[in-house]
Amino acid sequence: QVTCIEVVEAYVERIKEVNPLINAVVKDRFEEALQEARQVDKLLSEGPGDDYLEEKYPLLGVPITVKEAFSLQGMPNTSGLVSRRNVIATSDATVVSRLKQAGAIPLGVTNCSELCMWYESSNRVYGRTNNPYDLQRIVGGSSGGEGGVLAAACSVIGVGSDIGGSIRMPAFFNGVFGHKPTTGVVPNDGQFPNAHGVRTSFLCTGPMCRYAEDLEPVLRVMAGPGVSKLKLNEKVSLEKIKFHCMDHDGGSVFVSPVDKEILQAQKKVVEHIESDLGVQVQHVAIHKMKYSFQIWSAMMSSKDSSGQEAQRFTDLLGDHGKPVWPLWELMKWLVGMSSHTFPAIALGLTEKLMNLNHSGNAKLVSMGKSLQEEMEELLGQDGVLLYPSHPTIAPKHHSPICMPFNFAYTAIFNVLGLPVTQCPLGLGSEGLPLGIQLVAAAYNDHLTLAVARYLEKAFGGWVLPGKV
């Protein structure tokens, strides 16, 4: 009904209208995108047949945006690091290449936190991204630009990555869908920083979008040949799923208590599932979840099976250049002279402390392994766990500094290797998005995606900012 050029033009106009407020797209490729849209229209007018095109180009003409940490040819690839300010990607990351081959049209790259290791998307290269529902609030991180750009209806699909919740937190704070696939299926190649050593089993690349039904086709393209492991062709009978629910982590001292509104939203989900599907949702209390933050930290800094040390964050901050001394950077930061953000400096300092406690770390790593077994046993091949996406709704700018470990609600599932879909549940009393995480056992992504589609119908999914 509409031409591809009309679609791309509409999204370009929308970005031009909204981006001055939210600062999510940090570099655009509008001219190239419009040129590619014309080529799509030409291809359609030549008419090789819709079935052929759908098979060969499942995302033909669909506008997408890409987190700046991924290489997209001709676009910057700094990950918010000042020393990489002049780095321009000369090729495409594997997932970006697959999306382009499937016909998708990238509109530009979006903001992230410095080195993708913080949950506010702000850095000294591009500045800060604002939440479209309330400009005084964060978009989350590290794929925060994607969360904001999708929520503001500036893109159809986002490419995100997630090692501690970097897809799911922005998806939650911005009221969109985000999927962290089962570990090791979607390739992580072509992003900076990439994971090394043990972290290769925690980092996941995945799709973000406004509509639940878009997650699966995009995930298929991203996963490429590995997609068969995810059972996406299996039909899901919702009545046969064994639903489990956990309201909070059990009261970790490092993490805020879960907001009443988030608990209320989760309760409504449970009630809806029980009354509509006629199934019993099992309330569970998994004791080890209380130590989510400690387990994630210990596993992130552990050695891999070959004894390789985890890459140090301070080495990444230097990016093959001069070494960075976090204490010296802190002194410089206090007088406005550091080229790094405060969270990055703080992470460099805490990393040094973490490495001093070897025996404590070993205990936590083994606790993580036994939690993984417990989760796999609980969920089996037909289970889905309902769990908060974050203890609070989108916080105000800078406030994550006061509660730096709240990301533990998402991070724990990275080290457990489980697939998780973040599903929006409408807006709360302050007009900010609510949501929930849907968790399944490894390779059962089809279950969480099916439940996300179901909850979208029941709770309305994404809500346009400013509509209320």
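The values are calculated or read from the model by the stated rules, or taken from the named source; none is laboratory data. Bear in mind that the values here come from a model prediction, so they are computed numbers and not experimental data. Cβ sites come from the backbone with ideal geometry, for glycine too, and all protein chains shown count toward neighbours. All accessible areas refer to the heavy atoms of the entire protein, side chains included, with ligands and DNA or RNA removed. Shrake-Rupley method; radii C 1.70, N 1.55, O 1.52, S 1.80 Å.
Here are the numbers for the structure shown:
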{"read-out": "Unit charges at the beta carbon, dipole of the chain: most positive-side option, 265, 153, 398", "value": "398"}
{"read-out": "Phi-based couplings in Hz for the range 269-279 (Karplus 6.51, -1.76, 1.60; Gly and Pro marked x)", "value": "4, 4, 4, 5, 4, 5, 6, 7, 9, x, 10"}
{"read-out": "Cut-off under 5 Å, modelled amide H: who pairs with residue 204 long-range", "value": "162, 163"}
{"read-out": "Table column - 3J(HN,Hα) (Hz), the range 162-175, Karplus curve with 6.51, -1.76, 1.60, x for Gly and Pro", "value": "8, 10, x, x, 5, 9, 6, 5, x, 4, 5, 5, 10, x"}
{"read-out": "With all protein chains modelled, accessible area of residue 367 [1.4 Å, Å²]", "value": "50"}
{"read-out": "Answer label for mean projected area of the Cα convex hull in nm² (calculated), chosen among [x] 30.0; [y] 20.1; [z] 21.4", "value": "[z]"}
{"read-out": "Rh (Kirkwood; distinct C-alpha pairs) - the range 209-250, Å", "value": "13.0"}
{"read-out": "nm² value of the averaged projected area, convex hull over the Cα atoms of the range 108-262", "value": "11.4"}
{"read-out": "Total lysine pairs whose alpha carbons fall under 25 Å of each other in the range 216-280 (8 or more apart, or interchain)", "value": "9"}
{"read-out": "Largest to smallest accessible area among 122, 143 [probe 1.4 Å]", "value": "122, 143"}
{"read-out": "3, 183, reordered so the largest accessible area comes first (probe 1.4 Å)", "value": "3, 183"}
{"read-out": "Reachable lysines, given that their alpha-carbon falls under 20 Å from the alpha-carbon of residue 369 and they are not under 8 places away in the same chain", "value": "180, 288, 290, 303"}
{"read-out": "Computed FRET value (nearest 0.05) for residue 373 with residue 235, which takes r as the C-beta separation and R₀ as 22 Å", "value": "0.15"}
{"read-out": "Gap separating the Cα centres of the range 133-158 and the range 405-468, nearest whole Å", "value": "15"}
{"read-out": "Relative contact order (percent, whole number), the chain, Cα cutoff 8 Å, 6+ residue spacing", "value": "18"}
{"read-out": "Under 5 Å, built H, 5+ apart or other chain: amide partners of residue 110", "value": "26, 66, 67, 68"}
{"read-out": "Positive-end residue of 34, 293, 327, charge dipole of the chain with Cβ unit charges", "value": "327"}
{"read-out": "Sum of side-chain charges, residue 260 neighbourhood, beta-carbon under 15 Å (Lys, Arg +1; Asp, Glu -1)", "value": "-2"}
{"read-out": "Along each principal axis, Cα extent of the range 25-183, largest first, Å", "value": "47, 33, 32"}
{"read-out": "Share, in percent, of DSSP beta bridges within the chain that are antiparallel, nearest 5", "value": "65"}
